[in-house]
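Visitor: One structure, pasted below without further comment.
A short reminder: the numbers here are calculations on the coordinates, not readings from a lab. Remember, predicted model here, so these are calculated numbers, not experimental data. Note that each Cβ is placed from the backbone with ideal geometry, even for glycine, and that neighbours are counted across all protein chains shown.
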Amino acid sequence: MNQNATHRRPARRLAAAVTAAAALSAAMLAVGPAAAAPAPEDAPVLIGHRGAAGTAPENTIAAFKDGRASGVDFFEIDVQLSADGVPFLFHDNTPARTTNVEEVFPGREDDPITSFTWEELQQLDTGAYFSERYAGEKIPHFDAAAEIATRNTGVFIEIKSPVNSPGIEQVVADNLSEDKNWNRLLEAGKIEVLSFDETSNRRFAEIAPDVPLQQLTGTVPDAATLERYATFADSFGTNYRTLDEAGAQRVKDAGLGLGVYTVNSTEAYEQSVDLGVDRVTGDFPIQFSRYERGLKVFPQNVGVRIADSVNDVPGADLQPETGEHVILENTGNTTVDVSGWLLRDAANNILRVGEGYEIPAGGQLRVYTGPGTDAEDAYYNDGTANVLNNGGDSVALWTDSGSLQDTFAN
């Protein structure tokens, strides 16, 4: 097979699809009571991460519907194979973080998620961990994403941990060509397949050379490696925190499209756009959709924002009094009661504000993970495990009634 030829053909197709998707999305999108101007023509393609993992439980029907409703160009999913060969949507290698596996299958919390049969997977609740509002959400079948997607909102299909799902590349390719909903999206240019696993990507490229393909790595490699990727992939995706101007240029020099993940603040979005990225993947797609169109990003905000996340303090992260914490600031003109508000990071770690806490206009409140002495401007969660990633984290602020107020990333 001429690998360079199979690279060029889907690359042209993807470029056309991206242009069409941006135009279609801008034309039909109207979030909120009134539509603003469409997104600029040179705006990057927007992708909702794991559906819309910031506003609904990741990789669930609810998250896919949130992603679709936001008006972005694509939502992203993670596909794996069950023990009996059924393709399902789930990110982690084990069920511990996002399901009630401890209740349903005690002792199997750390078993590979791919060791469960489809029937067993359907017994797990994968929504309640996020909020009781989503209790009862089930792990979706692969095909469920295609039923929710449209010709305006397509699907980025990440083949997750393919070493744990032998044969998954063929399963995905067969579904794309044989299932009427997947085939409809594929013909509309609304599908892209991606993976961190180069071997898996190469295998998929051999099976389905006309399907746009993206290679993911955590950092931008050297020029020679990127040129190797370009023999089988059409685009390259990386962590926005590791991308710089030189890395972005290397990707472009290799003839690859450039995407970044997981962008969860407008500042990070602008930083990425300034580097010339083609695709931006984030947990809060509706916020970036609003931002691109000149709308208020957080229309329900009552004046309190996240001023800073102090992830890596001198000394131990959970040391008493001075450990890791998030700083809230009231930028409004009136005192705001923040009792019961919560801070949620991308991994669904949660910090809460205690009862009786108010932030006066212009005032701040420090919300700590670990132990300490509560004060008017400091609340301690007395946690026993650090929450914030020292190398950078994203945090969202929610009221006690579930209203999203702000996001922050560092």
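Visitor: What number, in percent, do you get for the relative contact order of the chain if the mean sequence gap of Cα pairs under 8 Å and at least 6 apart is divided by its residue count?
Guide: 14
Visitor: State the dimensionless ratio Rg/Rh of the stretch 175-287 (Rg: radius of gyration of Cα atoms; Rh: Kirkwood radius).
Guide: 0.99
Visitor: Comparing ALA268, ALA69, ALA246, which has the greatest mean-square fluctuation in the GNM of the chain with Cα pairs linked when under 10 Å apart?
Guide: Result for the chain, Cα springs under 10 Å: ALA246 fluctuates most.
Visitor: Something else: Give me D for the stretch 196-353 in µm² s⁻¹, whole number, from Stokes-Einstein with Rh from the Kirkwood sum over alpha-carbon pairs, 25 °C and 0.890 mPa s.
Guide: Using the Kirkwood radius from Cα pairs, D works out to 132 µm²/s.
Visitor: For the stretch 304-409, what proportion of DSSP beta bridges, expressed in % and rounded to the nearest 5, is antiparallel?
Guide: 90
Visitor: Can you work out D for the stretch 65-171 in µm² s⁻¹ from Stokes-Einstein, where Rh is the Kirkwood radius over C-alpha pairs, the temperature is 20 °C and the viscosity is 1.002 mPa s?
Guide: Translational diffusion coefficient: 149 µm²/s.
Visitor: Using just the C-alpha positions of the stretch 308-358 as equal point scatterers, what log10 of I(q)/I(0) does the Debye formula give at each q in 0.14, 0.25 1/Å?
Guide: -0.46, -1.10
Visitor: Here's another thing I want to ask about it. What residue among GLY372, GLY276, GLY257 shows peak mean-square fluctuation when the chain is described by a Gaussian network model with Cα springs under 10 Å?
Guide: Of GLY372, GLY276, GLY257, the most mobile in the Gaussian network model is GLY372.
Visitor: Moving on. Of the candidates GLN80, GLN364, GLN300, which one comes out as most mobile in a Gaussian network treatment of the chain with C-alpha springs shorter than 10 Å?
Guide: In this elastic network of the chain, the residue with the biggest mean-square fluctuation among GLN80, GLN364, GLN300 is GLN300.
Visitor: Just want the ordering: ASP125, ASP374, ASP66, from fewest to most Cβ atoms lying within 10 Å of their own Cβ.
Guide: With the fewest neighbours first, ASP125, ASP374, ASP66 line up as ASP374, ASP125, ASP66.
Visitor: Around VAL387, with a cut-off of 13 angstrom between Cβ atoms, what is the net charge of the other residues, counting Lys and Arg +1 and Asp and Glu -1?
Guide: Taking every Cβ under 13 Å from that of VAL387, the sum is -4.
Visitor: Treat each spin label as a single point 7 Å out from the Cα along the C-beta direction, and report the ALA378 to ASP111 distance in nm.
Guide: 4.6
Visitor: Of all the Cα-Cα pairs you can form in the chain, what percent are over 32 Å apart?
Guide: 37
Visitor: Something else now. When you have a sec, figure out the Kirkwood radius of the stretch 304-409 from all distinct Cα pair distances and drop it here in Å to one decimal?
Guide: With all distinct Cα pairs of the stretch 304-409 included, I get 13.5 Å.
Visitor: Once you charge only the Cβ atoms, +1 for Lys and Arg and -1 for Asp and Glu, what is the size of the charge dipole of the chain about its Cα centre, to the nearest 20 debye?
Guide: Value, rounded to 20: 1580 debye.
Visitor: Using just the helices of the chain, give the 222 nm mean residue ellipticity in deg cm²/dmol: DSSP H runs with n ≥ 4 each add -39,500 (n - 2.57), and the total is spread over all residues, rounded to 500.
Guide: -8000 deg cm²/dmol
Visitor: Still on this structure: On a 28 Å Cα-Cα criterion, which of the cross-link pairs LYS252/LYS296; LYS190/LYS252; LYS160/LYS296; LYS65/LYS252; LYS180/LYS296 come out too long?
Guide: Checking Cα-Cα distances, LYS252/LYS296; LYS160/LYS296; LYS65/LYS252; LYS180/LYS296 exceed 28 Å.
Visitor: Using 1/(1 + (r/R0)^6) with R0 = 60 angstrom and r between the beta carbons of VAL104 and GLN249, what's the FRET efficiency to the nearest 0.05?
Guide: 0.75
Visitor: Another question, then. Only counting other Cβ atoms within 10 Å, I'd like SER289, SER82 sorted with the fewest neighbours first.
Guide: Taking fewest neighbouring Cβ atoms as first place, the list is SER82, SER289.
Visitor: Further question: Arrange the following residues from fewest to most other Cβ atoms within 10 Å of their Cβ: TRP118, TRP182.
Guide: The most exposed by this proxy come first: TRP118, TRP182.
Visitor: Count charges around SER339 for me, please; just the other residues with Cβ under 11 Å from its Cβ, Lys/Arg as +1, Asp/Glu as -1.
Guide: Its environment carries a net charge of -3.
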